[in-house]
1. Which condition breaks for residue 63 when tested against (1) in a loop (DSSP other than H, G, I, E, B); (2) under 9 Å from the mean Cα position of the chain (by Cα); (3) modelled with pLDDT of 90 or more?
2. Inside the range 7-43, can you point out the residues that are in contact (Cβ under 8 Å) with a residue 24 or more places away in the chain and farther than 15 Å from residue 69 by Cβ?
3. Among the residues of the range 8-22, count how many are farther than 14 Å from residue 75 by Cβ and part of a loop (DSSP other than H, G, I, E, B).
4. Among the candidates 25, 33, 54, 72, single out the residue that is in contact with a helix residue (DSSP H, G or I) (Cβ under 7 Å, 6 or more places away or on another chain) and either part of a loop (DSSP other than H, G, I, E, B) or among the charged types (D, E, K, R) (or both).
5. Taking the range 46-61 as the search range and keeping residues that are more than 16 Å from residue 6 (Cα to Cα) and hydroxyl-bearing (Ser, Thr, Tyr), which one is surrounded by the most Cβ atoms within 10 Å (Cβ to Cβ)?
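The values are calculated or read from the model by the stated rules, or taken from the named source; none is laboratory data. Please read all numbers here as calculations on a predicted model, not as lab measurements. Note that each Cβ is placed from the backbone with ideal geometry, even for glycine, and that neighbours are counted across all protein chains shown.
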Amino acid sequence: MAFNRKRTSAEVASDAGSVLNDPNASEVQKRLAASALSQRNPSHQTGKEMEELASRVMKSNKYAEDTKELAATVLSQANRQR
């Protein structure tokens with residue numbers, strides 16, 4: 001299995017930490033933020049379930065740009081062979 005060695009940038013990781021500490025953040029935002037933070041470690045990569053969630057977020061018009069940024073980060077670290 002091929003691994004994607006990309007990792008979450010410090011800026012996105014900081015944003016993700018803020019989302020996780022925000023009591024008003026949605027469950028979707030928190031799931032994406034947690035995934036993005038876990039991928040600061042390059043040996044972690046996006047699972048299939050998170051890929052699907054991030055893909056739905058990117059295709060939808062109902063999510064804000066900051067949520068889409070987290071989704072894009074998660075997708076960029078997906079296993080390309082899946």
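1. Condition (2) is where residue 63 drops out.
2. 7, 40, 41, 42, 43
3. The number of residues fulfilling the criteria is 2.
4. On the way: 33 fails: either part of a loop (DSSP other than H, G, I, E, B) or among the charged types (D, E, K, R) (or both); 54 fails: either part of a loop (DSSP other than H, G, I, E, B) or among the charged types (D, E, K, R) (or both); 72 fails: either part of a loop (DSSP other than H, G, I, E, B) or among the charged types (D, E, K, R) (or both).
After applying the criteria, what remains is 25.
5. Within the range 46-61, the match that is surrounded by the most Cβ atoms within 10 Å (Cβ to Cβ) is 55.
So that you can scan it fast, the table gives a plain yes or no per residue for (1) surrounded by fewer than 16 Cβ atoms within 10 Å (Cβ to Cβ); (2) of a type in the set (S, T, N, Q); (3) on the phi > 0 side of the Ramachandran plot:
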residue	(1), (2), (3)
17	yes, no, no
37	no, no, no
63	no, no, no
73	no, yes, no
